[in-house]
Amino acid sequence: MKAQNLKNHSQPCLRILLVEDQQALAANIIDYLTTAGHQLDYAATGALALQLAKQHSYDLVLLDLMLPDIDGRQLCMQLRQLWLKAVPVLMLTALDSLDDKLQGFAAGADDYLTKPFELAELAVRCMALSRRHLLSVDPQLQLGPLVIDRSQQQASRSGQPLDLHPLGYRILVVLAEAYPALVSRSDLSYQLWGDEPPDSDALRAHIYLLRQQLDKSFSAAMLHTVYGIGFKLVVPQGPHP
């Protein structure tokens with residue numbers, strides 16, 4: 001099957017972090033998966049991968065086990081510590097012994113694909129991991145006084161329901177799932193509108209409306225702006241009346 005025929009509009013678009021130091025292989029993976037409709041960020045080193053992970057939220061990580069600056073298993077454990085939500089990790093490696101695989105799973109990997117592999121199999125594994133992750137996500141997400149019910153698409157703070165616009169609710173979910181990390185303006189815009197964002201005032205307006213619901217009636221603000229960079233949620237200290 002040719003790459004240009006791969007895109008399937010019935011499948012979700014995944015935001016994928018690819019960590020692979022073999023540039024030729026990375027280029028093939030990026031070409032194949034972007035043609036299939038996914039968006040990829042690329043890191044050739046563990047240091048850059050951690051930097052990207054702190055700036056963006058991802059649906060999936062493709063992680064090479066042997067990197068020039070850090071062992072892939074160590075990087076996997078660091079990513080697990082960084083993210084509140086358990087982003088699926090698919091390890092890519094030429095090491096194919098049972099012990100290698102057991103060590104990879106012990107470090108937090110969700111799946112293991114041995115090099116060389118077919119790109120079509122990689123794409124199928126990505127979708128399977130994504131679906132499995134969505135099915136395992138707890139429908140209720142709580143950050144201090146903030147409770148988000150994904151099944152009802154509703155949110156409340158200190159027991160008070162929040163009357164949110166659908167995009168305001170989506171912004172809140174993105175920020176809550178990324179907590180305690182910051183979400184950049186560009187990343188938030190992409191998750192709301194994909195590759196066709198409206199003018200810059202639209203995001204500003206929705207952030208303002210979300211603040212009116214989330215923070216206005218309370219003494220401590222949860223939605224914080226990191227000027228020139230993006231937004232993040234902060235859980236207030238002390239009791240939550």
(message) When you scan the stretch 90-99, do you find a residue that is closer than 21 Å to Glu177 by Cβ and at pLDDT 90 or above, even just one?
(response) yes
(message) Considering only the stretch 112-124, I want to know if a residue exists there that is open to solvent by less than 80 Å² (accessible area, probe 1.4 Å) and either closer than 30 Å to Phe218 by Cβ or aromatic (Phe, Trp, Tyr) (or both).
(response) yes
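A quick yes/no check of all residues on (1) open to solvent by less than 10 Å² (accessible area, probe 1.4 Å); (2) at pLDDT below 95; (3) within 17 Å of Asp187 (Cα to Cα):
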site: Ala3; (1), (2), (3): no, yes, no
site: Arg15; (1), (2), (3): no, yes, yes
site: Leu18; (1), (2), (3): yes, no, yes
site: Ala26; (1), (2), (3): yes, no, no
site: Ala36; (1), (2), (3): no, yes, no
site: Gln51; (1), (2), (3): no, yes, yes
site: Leu62; (1), (2), (3): yes, no, no
site: Leu65; (1), (2), (3): yes, yes, no
site: Asp71; (1), (2), (3): no, yes, no
(request) Of the conditions (1) hydrophobic (A, V, I, L, M, F, W, C); (2) under 29 Å from Lys232 (Cβ atoms); (3) outside any loop (DSSP other than H, G, I, E, B), Phe105 clears all except one; give me its number. (result) (2)
(request) Determine the pairs where a residue that is touching a residue at least 12 places away in the same chain (Cβ under 8 Å) and part of a helix (DSSP H, G or I), located within the stretch 111-131, has a partner that is open to solvent by less than 30 Å² (accessible area, probe 1.4 Å) and of a type in the set (Ser, Thr, Tyr) with Cβ atoms under 7 Å apart, the partner being 6 or more residues away or on another chain. (result) none
(message) Would you confirm whether or not the stretch 185-195 contains a residue that is under 16 Å from Tyr58 (Cα atoms) and touching a Pro at 6+ places or on another chain (Cβ under 7 Å)?
(response) yes
(request) Residue by residue through the stretch 136-165, note down the ones that are farther than 16 Å from Pro236 by Cα, part of a strand (DSSP E or B), open to solvent by 60 Å² or more (accessible area, probe 1.4 Å) and at pLDDT below 90. (result) Gln140
(message) Based on this model, can you work out whether Leu175 counts as under 18 Å from Ser57 (Cβ atoms), surrounded by 18 or more Cβ atoms within 10 Å (Cβ to Cβ) and touching a Pro at 6+ places or on another chain (Cβ under 8 Å)?
(response) no
(request) Check the stretch 189-198 and report whether any residue there is over 22 Å from Leu223 (Cβ atoms), surrounded by fewer than 18 Cβ atoms within 10 Å (Cβ to Cβ) and touching a residue at least 60 places away in the same chain (Cβ under 8 Å). (result) yes
(message) Checking the structure you have, find out if any residue of the stretch 84-96 is open to solvent by less than 60 Å² (accessible area, probe 1.4 Å), over 18 Å from Lys115 (Cα atoms) and part of a helix (DSSP H, G or I).
(response) no
(request) Go through (1) in contact with a strand residue (DSSP E or B) (Cβ under 6 Å, 6 or more places away or on another chain); (2) farther than 26 Å from Gly37 by Cβ; (3) part of a helix (DSSP H, G or I) one by one and return the number of the condition Leu175 breaks. (result) (2)
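Looking only at the stretch 199-241, which residues are among the hydroxyl-bearing types (Ser, Thr, Tyr), in a helix (DSSP H, G or I) and either under 21 Å from Ala155 (Cβ atoms) or open to solvent by less than 30 Å² (accessible area, probe 1.4 Å) (or both)? Please lay out each step first, then the result.
Quick first cut of the stretch 199-241, residues among the hydroxyl-bearing types (Ser, Thr, Tyr) only: 200, 208, 217, 219, 225, 227.
Next, from what is left, pick out any that are in a helix (DSSP H, G or I): 200, 208.
Residue satisfying the conditions is Tyr208 alone.
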(message) I want to confirm something. Restricting to the stretch 38-49 and keeping residues that are outside any strand (DSSP E or B) and open to solvent by 20 Å² or more (accessible area, probe 1.4 Å), which single residue is nearest to Ser184 (Cα to Cα)?
(response) Leu48
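The values are calculated or read from the model by the stated rules, or taken from the named source; none is laboratory data. All values derive from a computational prediction rather than experimental measurement. Counting neighbours? That spans all protein chains shown, and the Cβs are built from the backbone with ideal geometry, glycine included. Side chains included, ligands, DNA and RNA excluded: accessible areas come from the protein's heavy atoms. Shrake-Rupley method; radii C 1.70, N 1.55, O 1.52, S 1.80 Å.
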